[in-house]
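The values are calculated or read from the model by the stated rules, or taken from the named source; none is laboratory data. Predicted, not measured: the structure shown is a model, and the values here were computed from it. Here the Cβ is made from the backbone with ideal geometry for all residues, glycine too, and neighbour counts use every protein chain on show. Surface accessibility is based on the protein's heavy atoms, side chains included, excluding ligands, DNA and RNA. Shrake-Rupley method; radii C 1.70, N 1.55, O 1.52, S 1.80 Å.
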Amino acid sequence: MIKRIRQLTQALVVCFIIGALGCSTGATPSVTISIPLDPQQTTITGLKGQVRISGMSGTFPMTISGSNASASIPEVPGGSRTFTITFFIGPASDPVIVAEITLTKNVSADINLQITYAATDFDYDFDDDADGYTNYEEIIAGSDPEDYSSYPTGGGSGTPSAPTGLTATQVAGPAVNLTWTDNSTDEDGFKLEWSADGVSWYSLTSLGANVAQYTDSSGVVAGSTYYYRVYAYNTYGNSGYSNSASITITSGGGSAWTAGFLGAGGYHSCAVTSDGGVKCWGCNDAGRLGNGSSSGPQTCNDGTNTLACSTTPVDVSGLTGVSKVVSGGYHSCALTTAGGVKCWGSNVYGQLGNGSRTASSVPVNVTGLTSGVANISAGSHHTCALMTAGGVKCWGENTYAKLGNGSASGPQTCNDGTNDIACSQTPVNVVGLSGTATAVSAGLDHTCVLISGGSIQCWGQNNWGELGNGSTTDSTYPVNVTGITSGATLVSASADGYFTCAVISGGVKCWGANDENQLGVFNSLGPEYCNGSDPCSKTPAAVSSLTSGVTSVSTGALHACALLTAGGMKCWGYNNDGELGNNSTTGSYTPVSPNGLSAGISQISVGFYFSCIRLSTGSLKCWGNNYYGQAGDGTSGTTAQKLIPVDVKMTQ
């Protein structure tokens, strides 16, 4: 199987989502769960239950009837799965946990989990009729693990009354002032939510009791419409929602970007502002947002780790006169109008190019590149620059000779904490190019250039045919992509994957790995197989239905998007996080249109598992994975993925 920097369980989920599209896994097991409630639990008002399964997104609700709770999950990916059963009160988005029980089982066939309650010790005994009983103690809030007295058991005042009369008014800042009528005397507090379309809602903030006003100053964009609603809550549960209040920001709101370049990266993005500065948002680990700090301004959790982040754009320190910005896996670089290059963020492999391996939260000059650079590209751990004279220089990690200097064993060695890795902390010349390079694209472990006349050359790793020369042999020097001798106008090497796409005479062709249909070709057809059974294409394959009318293409880890001449766009491939933007998590080998984007797009830029665009109006939209706030709309987290495009919240 193809090695990926992602959880295997995610790939298994996609297998069952796209079943008919080439994943051969046999019958899909089902799991049913039945569990009697603790007698004291049956007295709790508003008790709910849900099941989480490792490797599967979302939760599965439990049906509580009398003294029993049950759930049925019809399709569970095979293999070792951890089942987490949670009983709680309050909203699922912010629950008060009453009990939580965890069990790990191997799912190879249908399973009926019959869970019995042992009154003698308040344990739950798991019996799957296969390997006996295993005890799991309840996790109960409070000092006494058997004491439920802190939870509402009826007879009190009940859930609070819903607030009414919510109004939204634009105020200076710019900001939105929200007011409502508090109709309850026993709420514990209020929770505000916001939406860009009045359909998909996201948490805005939590407030204390007896509050009837809040100012949203998290960033609004002139010309955009925002929706708000509020509800009250206490230990008995939630009130209903208030009315929905909407507001369209007029002049005096923050101005949208009207000029500049957009660059989506691993888990962050950056864009050039109309005054030649740069703003970035998303993950800020190692200072990749460039705002002078690697410890904020917020924190985001991906389900395992809590990292510094910003869910809305922040200024990159000290940058002016920028014409282009690119974001790599864990770093970013800017090209200045003077032809110089500055980089910031992670520097484990010397990808900042300043002769050191020290991360920087502010831009640093790339050694020897203060002028003479025409274009730049950032890969996962390396960076390349196209020189005005037509040559190419690269720096950073050099495994598989991705720097193009003819060797995979140097020129320096960088230790990543575990292994010594070939690298260069300053730019080195790419050797062996046949012709004059006109564009460069740095990928994960390979690099490609566009040659004048419209041919393409690539070098580096080639296990899945990502060099496009009909073989799977790595190359330390540039090789010609088979069949493309003219007509190529743009090339994009995946910065976290093993494939490449290019615009050829107005159509799109891709080559390399195709395990998630990222080539735009039905993966059960291969069209070839690499490493025995991995779907791939070692030469360019035409993307379904995109043989003309395309101006650019951008590749993510496992998906790609194309900009059409009419101003719309199409995306294809992996979609577990909604990165295709079509309000689905089902992958597609056939290009699909993101919701609401049929025209008006001036630029596309695809990150690892998310996508972003710049509209002709200068505003930005993003969608897909949003663990670290990559959507730029003020939200983040494992449940904050965006299945449709949302506005990036930005003010100048």
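Things worth noting here:
- When Met56, Met62 are compared by accessible area at a 1.4 angstrom probe, the order from most to least is Met56, Met62.
- Of all accessible heavy-atom area on the stretch 538-652, the percent that carbon and sulfur account for (1.4 Å): 45 percent
- Within the accessible area of the stretch 281-390 (1.4 Å probe), percent carbon and sulfur: 45 percent
- Multiplying the residue separation of Ser407 and Thr473 by 0.36 nm and subtracting their alpha-carbon distance yields 22.3 nm.
- Once the Cα gyration tensor of the stretch 503-635 is diagonalised, semi-axes √(5λ) in Å: 25, 18, 11
- FRET efficiency, Ala209 to Asn595 (Cβ-Cβ, R0 41 Å, nearest 0.05): 0.60
- Highest-first arrangement of 314-327, 577-590, 456-469, where packing means the average Cβ count within 10 Å: 456-469, 577-590, 314-327
- If you sort the three axes of the alpha carbon gyration tensor as a ≥ b ≥ c, you get a/c of 1.5 or more for the stretch 392-431 and a/b above b/c, which makes it prolate.
- Under-5 Å amide H pairs with Tyr609, H placed in peptide plane, nonlocal only: Ala557
- 3J(HN,Hα) along the stretch 226-241: 10, 10, 9, 8, 9, 9, 9, 8, 8, 5, 7, x, 10, 6, x, 6 Hz, from the Karplus curve 6.51 cos²θ - 1.76 cosθ + 1.60 with θ = phi - 60°, whole Hz, x for Gly and Pro.
- Neighbours of Val440 by Cβ distance under 15 Å: Lys/Arg scored +1, Asp/Glu scored -1, total +3.
- Under 25 Å of direct C-alpha separation, and excluding same-chain neighbours fewer than eight residues apart, Lys191 reaches these lysines: Lys48, Lys642, Lys649.
- Both numbers refer to the Cα atoms of the stretch 312-470; Rg and Dmax are 14.8, 46 Å.
- The amide H of Ala69, built 1.01 Å from its N in the peptide plane, has Ile35, Leu37 as neighbours under 5 Å, considering only residues 5 or more places off or on other chains.
- Relative to its residue count, the stretch 492-556 spans a Cα convex hull of 70 Å³ per residue.
- Nearby lysines by direct alpha-carbon distance to Lys324 (threshold 19 angstrom, same-chain neighbours under 8 apart not counted): Lys279, Lys342, Lys393, Lys621
- In this structure, the amide hydrogen of Asn469, modeled 1.01 Å from its nitrogen in the peptide plane, lies closer than 5 angstrom to those of Thr482, counting only residues at least 5 positions away or on a different chain.
- Averaging over all projection directions, the Cα-based convex hull of the stretch 580-652 occupies 5.1 nm² in the image plane.
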